[in-house]
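The structure appears right after this line, and notes come after that.
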Amino acid sequence: MTDRQLLERIVLDPKIVCGKPAIKGTRRTVDFILNLLAHGTTAAEILTEYEGLAEEDIQACLLVAAKALETPTSVPLTGETA
């Protein structure tokens, strides 16, 4: 699947979860999925727990994160805010 095809799985709609990036057709936000992965939940566990999600949805969330980090910005790596 191409980057474009993956990114088409993510929507930004002010009427859905306050405009946060979310998986198309769901109210599951990109940051929600990324936090699950960061805390040790496997992709298989996510797919089992949240019916309707596909492996490509998880890949799309990871791609959104990668794209967001391409531009130099301040990233709080210690959990502290500036």
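The values are calculated or read from the model by the stated rules, or taken from the named source; none is laboratory data. Here the structure is a predicted model, which means the values were calculated and not measured. Here the Cβ is made from the backbone with ideal geometry for all residues, glycine too, and neighbour counts use every protein chain on show.
So here's what we get for this one:
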| read-out | value |
| --- | --- |
| Checklist (1) in contact with a Pro (Cβ under 9 Å, 6 or more places away or on another chain); (2) in contact (Cβ under 8 Å) with a residue 40 or more places away in the chain applied to GLN59, failing item | (1) |
| Filter result (in a helix (DSSP H, G or I) and touching a Leu at 6+ places or on another chain (Cβ under 6 Å)) within the range 47-60 | LEU47, GLN59, ALA60 |
| Count of residues meeting criterion [under 13 Å from the mean Cα position of the chain (by Cα) and either closer than 15 Å to LEU7 by Cβ or not hydrophobic (A, V, I, L, M, F, W, C) (or both)] in the range 35-68 | 16 |
| Positions within the range 8-35 being among the small types (Gly, Ala, Ser) and surrounded by 12 or more Cβ atoms within 10 Å (Cβ to Cβ), in sequence order | ALA22, GLY25 |
| Identity of the residue in the range 1-31, part of a helix (DSSP H, G or I) and among the acidic types (Asp, Glu), that ends up nearest to the chain's Cα centre (by Cα) | ASP31 |
| Residue match in the range 33-44 (condition: modelled with pLDDT under 95 and in a helix (DSSP H, G or I)) | no |
| Number of the condition not met by ARG4 [criteria: (1) surrounded by 12 or more Cβ atoms within 10 Å (Cβ to Cβ); (2) at pLDDT 95 or above; (3) not acidic (Asp, Glu)] | (1) |
| ARG9 being within 15 Å of LEU53 (Cβ to Cβ), in contact (Cβ under 8 Å) with a residue 40 or more places away in the chain and basic (Lys, Arg) | yes |
